[in-house]
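The values are calculated or read from the model by the stated rules, or taken from the named source; none is laboratory data. Since this is a predicted model, take the numbers as computed values, not measurements. No Cβ is skipped: glycine too gets one built from the backbone with ideal geometry, and neighbour counts run over all protein chains shown.
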Amino acid sequence: MKAGIEDLVVHLQQAQQIVLITHIKPDGDALGSMLGLADILRQMEKSVLCYLEEPVPHLYRFLPGWQQAETSFAKVEEFVDSGGQDVLAVVLDCGDMARLGKKGPQLRKIHPFVVIDHHKGNNGFGDLSWVEPGRSSTAEMICDLAGAMGQHFSPAAATCLYAAIATDTGSFRYESTSSHTYRVVARLVDCGAQPGDINEKLYDSYSLGRLQLLQQVLATLELFADDRVAVISVSESMMADTGTTLEDTEDFINLPRVVESVQVAVFLKEGSNSVSVSLRSRGNVDVSQVAQMFGGGGHARASGFRQNGLALDAVRASLLPALVKELDC
Ligand SMILES: [Mn+2]
């Protein structure tokens, strides 16, 4: 069922025990929204548990409170058992239940199960879904929610929410960045978020291995369809060679897109027995349509999917014709 901010206020004010959940392959918005909201709810004297299936990526281990993000499902069960019927689940920045990971179906047994999200393709999988696709980020919605509940931001919450909005807007470069985004962010800075410090942690904290990985990844750059599609890839051997992991490829996708002629950037990432694909576009190209054809999803300008049991070359070969078709329509 669709919900609005006022429904969320009612549910959050009533609940005493709240589980916050976010998606696998967590990004800045997922983590920052979860940790920021957790801090706000604790100020309201709620008991809060943060759960995600995968550990917090190293890049985000400067966010205040990141250590409280639980990856143990047993902890969720314990928390839910201790609350009896009075437990609320709030899922953040997630458009599809599959993105909750293996425990999704078990998590979904918590009621009410509330979703706060800004993904265009959100399929309304919650008992209540507050979804606003025009928003820059889930964190921007959390800021409004805090305002609607009359809550202020601690410096810790402000830092988490600032980092979330900064990452999801590509540092305030994407068109989803609105005047409201800037107003929200101004408030976060007033409340103690330090943009210089946060941006340095997010963007200027590469290990040498990560820079060397970037060097190898950029060497794979290829252009297709009259230079409108740029493809880069990372293999397991490159990561072994530089002592890095997939985590270290965060943001690499944005580099091929800087070429003037490029409308779609593709990043193919080799995992063990699977390839994950990130798509970024500009102009009128809706890459979420293409991602959906391959079982994925996301936003018009930023989407992705994963293919199991195929090699990098095979994934690229099946993807390119679909992209060209989307470009030409
Ligand atoms: Mn987001």
In this structure, does Arg173 turn out to be within 16 Å of the ligand (Cβ to nearest atom), assigned by TED's automatic domain parsing to the domain that holds Cys50, at pLDDT below 95 and in a helix (DSSP H, G or I)?
-> no
Of these, Asp96, Asp127, Asp81, Asp86, which one is within 16 Å of the ligand (Cβ to nearest atom) and surrounded by fewer than 20 Cβ atoms within 10 Å (Cβ to Cβ)?
-> Asp96
Within segment 184-211, work out how many residues are over 23 Å from Val56 (Cα atoms) and part of a helix (DSSP H, G or I).
-> 6
Out of Val217, Val262, Val275, Val231, report the one residue that is surrounded by 18 or more Cβ atoms within 10 Å (Cβ to Cβ) and part of a loop (DSSP other than H, G, I, E, B).
-> Val262
Give me the pairs, please: first residue somewhere in segment 115-127 and more than 18 Å from Gly304 (Cβ to Cβ) and touching a residue at least 24 places away in the same chain (Cβ under 8 Å), second residue anywhere and among the aromatic types (Phe, Trp, Tyr) and not in a loop (DSSP other than H, G, I, E, B), beta-carbon distance under 6 Å, and either six or more positions apart or on two chains.
-> Ile116/Trp130; Gly126/Phe113; Asp127/Phe113
Can you work out which of the residues in segment 32-58 that are in contact with an Asp or Glu (Cβ under 9 Å, 6 or more places away or on another chain) and within 16 Å of the ligand (Cβ to nearest atom) is farthest from Ile142 (Cα to Cα)?
-> Pro57
In contact (Cβ under 8 Å) with a residue 40 or more places away in the chain and surrounded by 21 or more Cβ atoms within 10 Å (Cβ to Cβ): does that describe Asp29?
-> yes
Options Thr159, Thr167, Thr181; residue that is within 16 Å of the chain's Cα centre (by Cα) and either modelled with pLDDT of 95 or more or crowded, with 17+ Cβ neighbours inside 10 Å (or both) = Thr167
Would you be able to say whether some residue in segment 279-287 is of a type in the set (A, V, I, L, M, F, W, C) and part of a strand (DSSP E or B)?
-> yes
